[in-house]
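> Let me give you the structure first, and then I'll get to my questions.
The values are calculated or read from the model by the stated rules, or taken from the named source; none is laboratory data. Bear in mind that the values here come from a model prediction, so they are computed numbers and not experimental data. Please note: Cβ atoms are built from the backbone with ideal geometry, for glycine as well, and neighbour counts cover all protein chains shown.
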Amino acid sequence: MVLPAFNEQYNLRCTVEAARRILPTIAGQWEIVIVNDGSGDATGRICDTLVRQIPQVRALHHTGNRGYGAALKSGIMAARHDWIFFSDSDGQFDFEEISRLLDHAETSDIVAGYRRRRNDPFYRALNAMGWNLLARLSLGVAVRDIDCAFKLFRRRVFERVQIRSVGAMVNTEILCQAFRFGMRIKEVEVTHYPREHGQPSGARLGVILKAFRELFRMWWKLRNITHEQVGLCPRSAEPAAFELNTLPG
């Protein structure tokens, strides 16, 4: 489990404790990798305390705030098992529902959660609806909820998939590459809870504008993907074989 965390001092411990209760019931071997993305509050100290208290917890610390995509990339590269799950550290998901993803794991490369009802302010839900439509039309990413932070990956996905986005575009980038390589993506409905503490950063104007800039750069880069692309976590000289699909336009 990879948990990116930025200024989550009020949510992080509860999120990790919830994961700690669930993971032993669904996995023989497991770990939690927390990525503290340059938090300015007590998140870093809480990470280090959790590492001392729970043997299966590891923590990575970015010296500055590098962005959600960069935090996710660090966590994936540090993960040591054949299945990689990621979520947010804000406590808005029910980790018992990881079992819903695992029900489809043997026949999928990626199992992506989509929120049954998004418990966010109206403007965030509206932004998400528009972003999903734009990504579908421009990049061919035909999923219900691109940015839902409740996804399970075979590690071999990242033998081909790269992460270059440092910000909010990262989910779109991963799924678009997965589509291009013909990977099997299954969508599963999950529950989403209101945030109890702290403020989300994804709806800030700067974050949105940065995501749009990355979208257009990505459209061009993804048109030039070849079978020779080496992914984020290469394990062998010969990367996993997938059939390359085409992008819209």
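> Going by the conditions given, is Asp41 assigned to a loop (DSSP other than H, G, I, E, B) and modelled with pLDDT of 95 or more?
For Asp41, the condition - assigned to a loop (DSSP other than H, G, I, E, B) and modelled with pLDDT of 95 or more - is met.
> Only one residue in Arg164, Arg195, Arg217, Arg213 is charged (D, E, K, R), modelled with pLDDT under 90, in a loop (DSSP other than H, G, I, E, B) and over 25 Å from Phe95 (Cβ atoms). Which one?
The unique qualifying residue is Arg164.
> Check Leu60 against each of (1) in contact with a helix residue (DSSP H, G or I) (Cβ under 6 Å, 6 or more places away or on another chain); (2) over 20 Å from Arg156 (Cα atoms); (3) at pLDDT below 95 and name the one condition it does not meet.
Result: Leu60 passes all but (3).
> Then there's this: Taking the residues in the stretch 122-161 that are among the small types (Gly, Ala, Ser) and in a loop (DSSP other than H, G, I, E, B) as candidates, determine which candidate is modelled with the highest pLDDT.
Checking each candidate, the answer is Ala149.
> Could you give me the residue pairs with C-beta distances under 9 Å whose first residue belongs to the stretch 151-178 and is among the hydroxyl-bearing types (Ser, Thr, Tyr), whose second residue is assigned to a loop (DSSP other than H, G, I, E, B) wherever it lies, and which are 6+ apart or on separate chains?
From the stretch 151-178, the pairs are Ser165/Gly67; Thr172/Val141; Thr172/Ile146; Thr172/Asp147; Thr172/Ser165.
> Out of curiosity, is Val16 in a strand (DSSP E or B), on the phi < 0 side of the Ramachandran plot and among the β-branched types (Val, Ile, Thr)?
No, not satisfied.
> Test each condition in (1) under 14 Å from Asp90 (Cα atoms); (2) among the small types (Gly, Ala, Ser); (3) without any contact (Cβ under 8 Å) to a residue 24 or more places away in the chain for Gly28 and report the one that comes out false.
Evaluating Gly28 over (1) under 14 Å from Asp90 (Cα atoms); (2) among the small types (Gly, Ala, Ser); (3) without any contact (Cβ under 8 Å) to a residue 24 or more places away in the chain leaves (1) as the failure.
> Further question: Does Asn11 fit the bill of being of a type outside the set (A, V, I, L, M) and in contact with a Phe, Trp or Tyr (Cβ under 7 Å, 6 or more places away or on another chain)? Can you show your working first?
Numbers: of a type outside the set (A, V, I, L, M): yes; in contact with a Phe, Trp or Tyr (Cβ under 7 Å, 6 or more places away or on another chain): no.
For Asn11, the condition - of a type outside the set (A, V, I, L, M) and in contact with a Phe, Trp or Tyr (Cβ under 7 Å, 6 or more places away or on another chain) - is not met.
> Quick check on Glu189: is it more than 20 Å from Ser89 (Cα to Cα) and acidic (Asp, Glu)? Even if it seems obvious, please write down each step before you answer.
Values: more than 20 Å from Ser89 (Cα to Cα): no; acidic (Asp, Glu): yes.
It is false that Glu189 is more than 20 Å from Ser89 (Cα to Cα) and acidic (Asp, Glu).
> With the requirement that a residue be surrounded by fewer than 22 Cβ atoms within 10 Å (Cβ to Cβ) and within 15 Å of the chain's Cα centre (by Cα), what does the stretch 33-50 give you?
At the first step, the residues of the stretch 33-50 found to be surrounded by fewer than 22 Cβ atoms within 10 Å (Cβ to Cβ) are 38-42, 44-45, 48-50.
Those that are surrounded by fewer than 22 Cβ atoms within 10 Å (Cβ to Cβ) and within 15 Å of the chain's Cα centre (by Cα): none in the stretch 33-50.
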